[in-house]
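Trainee: Dropping the structure in here first, questions after.
What follows draws every value from the coordinates through simple rules; no lab data is involved. These numbers come from a predicted model, not from an experiment. Cβ sites come from the backbone with ideal geometry, for glycine too, and all protein chains shown count toward neighbours.
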Amino acid sequence: MYVCLCHGISDKKIRKLAIDEGITDIRGIKKCTALGSQCGKCVKLTKEILAETQYLQVQKAS
Ligand code: FES
């Protein structure tokens with residue numbers, strides 16, 4: 001699904017960046033993409049996706 005409608009960024013892309021690049025916070029995602037640079041409505045959901053991805057990574061590792 002699209003998380004950032006202004007820039008066409010999906011949850012898959014955010015998860016992939018988080019896993020492949022080791023990004024854990026919104027600033028890291030903003031450095032790699034334009035996410036949040038227009039209306040900003042996507043920031044909250046992106047934070048939730050990052051937290052969930054981190055949680056799943058920790059679960060997978062243990
Ligand atoms: S939805 Fe991401 S900046 Fe508007």
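Trainee: So which helices (runs of 4 or more DSSP H) are wholly in the chain and hold at least 3 residues that are within 7 Å of the ligand (Cβ to nearest atom) and in contact (Cβ under 8 Å) with a residue 24 or more places away in the chain?
Mentor: none
Trainee: Sort out which residues of region 1-50 are of a type in the set (D, E) and touching a Lys or Arg at 6+ places or on another chain (Cβ under 9 Å), and write them in order of number.
Mentor: Across region 1-50, the qualifying residue is only D25.
Trainee: For I14, indicate whether it is surrounded by 15 or more Cβ atoms within 10 Å (Cβ to Cβ) and either within 11 Å of the chain's Cα centre (by Cα) or not acidic (D, E) (or both).
Mentor: So I14 fits the description; yes.
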